[in-house]
Each structure stands twice: as structure tokens, then as C-alpha cells.
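Below: the structure, in C-alpha cells.
The values are calculated or read from the model by the stated rules, or taken from the named source; none is laboratory data. This one's a predicted model, so the numbers in the text were calculated from it and none came from an experiment. Every residue, glycine among them, receives a Cβ derived from its backbone with ideal geometry; neighbour counts consider all protein chains shown.
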Amino acid sequence: MAYRWKNTLTHEDVTPKSAFLNRRQIMAGMAGLGLASIAPKGQAATDLEPTPLDVITQYNNFYEFGTRKDDPAKYAHQLTTKPWAVTIDGLVDHPGDYAFDDIMSQMTIEERIYRFRCVEAWSMVVPWNGFELKDLLDLAGVQSSAKYVAFETLYRPEEMPGQRAPFLEWPYVEGLRLDEANHPLTLMATGIYGDPMPKQNGAPLRLVVPWKYGFKSIKSIVRITLTDKEPPTSWNKSVPSEYGFYSNVNPQVDHPRWSQASERPIGGGFFAKRIPTLMFNGYEEEVAGLYEGMDLRKFY
Ligand SMILES: Nc1nc2c(c(=O)[nH]1)N[C@H]1C(S)=C(S)[C@@H](COP(=O)(O)O)O[C@H]1N2
Ligand SMILES: [Mo]
């Protein structure tokens, strides 16, 4: 598949950043040879200029550590991520606590360079490392009655100062329809730029759903539950008129308080110009079929 082009790494592999940059030059050459179709529709491979690592790790939304963009980088070091286990339960054949290290030993880690679009209308391009969520769900054995996947972040107010305030209802929860969860673009990310996932970005593993607004990409996951009912999601519970279950990136459906037609790339400096937001964040060709016949204004 088109997005299968990325290097395959094992989790012990650390991609030197120089090699990473070198490969990007190779990619630029390939674009010249007419192989640009490896990039999401509507954007040449060369346009996916990854955001620098220090920007990705210092401008974060992780409300468990505070509401300012620089709070996660300041406070996330307090989070204990070893040992770590993910409980997988609900409508699965093999429910249980899956140790993070055991999961990693069974997964093939690859690199995916995805556009990342926050509902607040800023964006980045992130070179994630991880594995397809489907591969983890297959380990657990999803039962045929399952229709949705619910996710839960760690609840540990001693280590997460933001959880001592009722900014959101804790723990942070998210959800996907099962076909969205099984889509090959849907990633369980375990690293960035070949390094293990920084704590402020959701160590040791977080979801990445590149065609949806960033808040769907729940961090520091401790529970995955297969269910037959649409699960509650944190932002929908908090402000249902502004945030729906689907939250697909859609430049034609504005947030009640601001336009979603364009976005501000982070890392380009204060005067960086806004760029147009693409339908499904540029992944329309891959995912539009999931929503055929659905009114995307109603199912926002
Ligand atoms: N548990 C948890 N997950 C979360 C959030 C959060 O506050 N808590 N913020 C979301 C939002 S709004 C965005 S834009 C992304 C930010 O991811 P990043 O900091 O890696 O860029 O994480 C999402 N996942
Ligand atoms: Mo966001």
C-alpha cells in the first residue's frame, strides 16, 4: 500500500537523524522520478517537511500536565513509564494485561511520516515510529460482536499535576469505530524520529489517527476495550456542541468559534503563513470510503 513505503525498524533500531535526513533527500529524488504518489493525495512527498524534534516535544497538548503548551515538557518527566502494561478487555478472545515490552517484542516497528492537525488549527508533520493498531487488536482476538474500540489514558494524579484539577473528567478517554481502528493508517506510536516516545508526547505508547483532529490521538494508553456501543470521549463529554465522536479533519465544517479552512504550521516562526487544510487532512483517498453515505456535518 502507498503508505507502506517507510523504513521498517526493529524497536532496538535508533535511526540516526542524519540518516533520516539523507533518506528524505532520496525521497525528493523519487518524487522527481514520478513516484510522488507515495505521499498523501494532494501533496508531493517533498512537501512533507518534518517538523523539528525540539518543536514536536516542546509545543504539546497533554492536559494531564497542565493547559499551557509548555506545561507537558516541564512536568511530564514526573511520569513513571516503566513498567507499563495495557489492559485489553471487552469483546476479545484473549483479555488481559499486556506488558509493553511483550507487545514491542511481537510488533514490527516502522516509520510513518504523517501530517498532524490539531482542532485548534495548528499543525505539524511528525515522523512517528510504531505499529498498526490492527496488529495489536489481532493479538487480542477481536470478537465478531465488537463494533467500537475505547481507549483510556493513565490516571495518576500524583504524577500528573493537571489531573488534580477538574479541567476535563479524568482519565482522558477516546474511541474509534472498529473499521477506523483497523485501518492501515491507524498507528500505535511508540517513538518519534527513531527515539522512544518522549513523555510529553504520550510515552510509552499513544494512538495516532492522522485524518482526525489531534485530540483523538490519545496519549499514554493503559486500557483498550472492545465494545458494541459507541464509547464516550473526553472532549465530547466536556463540550458536546463543539466536539463530536468522529472529529474528522474537514475544512468545510468550521468549529463554532473559528474557521477550520486553514492551519498554522508550528515551527515555521511567528510569521509563517497559514496553509489550506485538506479534507481528511490529506488522507481522503485512503479513508473517505469509511464514511460513504454519512452526513459529515451531522457526524462531526
Ligand atoms: N491523554 C491525553 N491525550 C491527548 C491529549 C491530552 O490532553 N491528554 N491532547 C490531545 C490533543 S488536543 C492533541 S493536539 C495531541 C497533541 O499531541 P502532541 O503533543 O504529541 O503533539 O494529543 C492529544 N492526546
Ligand atoms: Mo488538539
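Here are some notes:
- Matching residues, the stretch 106-127, being part of a strand (DSSP E or B) and within 16 Å of ligand 2 (Cβ to nearest atom): Tyr114, Arg115, Phe116, Arg117, Trp122, Ser123, Met124, Val125, Val126
- When Glu169, Glu152, Glu158, Glu174 are checked against the criterion of being within 16 Å of ligand 2 (Cβ to nearest atom) and either charged (D, E, K, R) or under 20 Å from Pro231 (Cα atoms) (or both), a single residue qualifies: Glu174.
- Close pairs (7 angstrom Cβ cut-off, 6 or more residues apart or separate chains): within 19 Å of Asp195 (Cα to Cα) in the stretch 53-77, surrounded by fewer than 17 Cβ atoms within 10 Å (Cβ to Cβ) and basic (Lys, Arg) anywhere: Tyr59/Lys69; Asn60/Lys69
- Condition met for Pro95 (of a type outside the set (A, V, I, L, M, F, W, C) and either within 16 Å of ligand 1 (Cβ to nearest atom) or in contact with a helix residue (DSSP H, G or I) (Cβ under 6 Å, 6 or more places away or on another chain) (or both)): no
A quick yes/no check of all residues on (1) polar (S, T, N, Q); (2) part of a loop (DSSP other than H, G, I, E, B); (3) modelled with pLDDT of 95 or more; (4) under 30 Å from Thr227 (Cβ atoms):
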{"position": "Asp13", "(1), (2), (3), (4)": "no, yes, no, no"}
{"position": "Asn22", "(1), (2), (3), (4)": "yes, no, no, no"}
{"position": "Ser37", "(1), (2), (3), (4)": "yes, no, no, no"}
{"position": "Lys41", "(1), (2), (3), (4)": "no, yes, no, no"}
{"position": "Gln58", "(1), (2), (3), (4)": "yes, yes, yes, no"}
{"position": "Tyr75", "(1), (2), (3), (4)": "no, no, yes, no"}
{"position": "Val86", "(1), (2), (3), (4)": "no, no, yes, yes"}
{"position": "Tyr98", "(1), (2), (3), (4)": "no, no, yes, yes"}
{"position": "Met104", "(1), (2), (3), (4)": "no, no, yes, yes"}
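- Qualifying residue in the stretch 255-270 (condition: of a type in the set (Ser, Thr, Tyr), in a loop (DSSP other than H, G, I, E, B) and either closer than 27 Å to Val55 by Cα or in contact with a strand residue (DSSP E or B) (Cβ under 6 Å, 6 or more places away or on another chain) (or both)): yes
- Residue match in the stretch 244-265 (condition: touching a Gly at 6+ places or on another chain (Cβ under 7 Å) and surrounded by fewer than 17 Cβ atoms within 10 Å (Cβ to Cβ)): no
- Positions within the stretch 172-214 being within 10 Å of ligand 1 (Cβ to nearest atom) and over 8 Å from the mean Cα position of the chain (by Cα), in sequence order: Tyr172, Val173, Glu174, Ile192, Met197, Pro198, Gln200, Asn201, Gly202, Tyr213
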